[in-house]
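First up is the structure itself, then whatever we jot down about it.
The values are calculated or read from the model by the stated rules, or taken from the named source; none is laboratory data. Quick caveat, the model's predicted, so the values are computed rather than measured. Here Cβ is always computed from backbone atoms with ideal geometry, including for glycine, and neighbour counts include all displayed protein chains. What goes into the accessible areas is simple: the full protein's heavy atoms, side chains included, and nothing from ligands, DNA or RNA. Shrake-Rupley method; radii C 1.70, N 1.55, O 1.52, S 1.80 Å.
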Amino acid sequence: MPGVEPADLDIGAVYLQHGDAMWGMALSMLRGDEERAKDIVQAVMLTIVAKKPTGVRNWEAFLVHAVKMKIYDLWKSSAHQHERLRLEEATPLEGERLGGDDLALDPLVVFEEAEARIATVTEVREALAELRTTHPVEHDVLMKAKSEGQTSKEIAAEMGVSDSRVRQHLMAARSELSKILDARGGER
């Protein structure tokens, strides 16, 4: 079906040709939960019907990727998190070790990594807000260097100080940020 325009796309034919691959991916990632797998595959197909994609060169890869993304969305959804499947106690499918061959697809690993990133980002944002109030100059220098990607020479020219003074402010900002995170029990 390469080169097919969205208006000419036969969704039924696409599903018949690649439905098994979509279904297999959904079942694999959802550890055999057939009802959820049906819902995910149906949601992907409804999305494609609503907005036909353009420029797809490999429909099977596109559809399997769409299924993966829908499942990742499911895992991140508040309804799913409230449900809190006891993933630690989940038993592997027959002949499969826990987590499968690809740990990146294990829901527990994905959830724990996302949760850890969110916690770290929150800690750092709060520490930066505190640094902004306690050491505004150091905070500004740190933001210009790290967020905006300015060099110490550019910052020095902007502030009207020497290049070495900017580096001192930057070192002080890192030190103060580290102290704030340590005081909060966070990691650097």
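Quick look at the values:
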{"quantity": "Identity of the residue in segment 128-171, of a type in the set (Asp, Glu) and touching a residue at least 12 places away in the same chain (Cβ under 8 Å), that ends up surrounded by the fewest Cβ atoms within 10 Å (Cβ to Cβ)", "calculated": "Glu158"}
{"quantity": "Any hit, segment 118-127, residues being over 30 Å from Arg36 (Cα atoms), open to solvent by less than 40 Å² (accessible area, probe 1.4 Å) and modelled with pLDDT of 85 or more", "calculated": "yes"}
{"quantity": "Scan of segment 57-74 for residues that are open to solvent by 80 Å² or more (accessible area, probe 1.4 Å) and assigned to a helix (DSSP H, G or I), ordered by number", "calculated": "Glu60, His65, Asp73"}
{"quantity": "Pick from segment 16-56, criterion among the basic types (Lys, Arg) and either in contact with a Pro (Cβ under 6 Å, 6 or more places away or on another chain) or in a helix (DSSP H, G or I) (or both), ranking: farthest from Leu74 (Cα to Cα)", "calculated": "Lys52"}
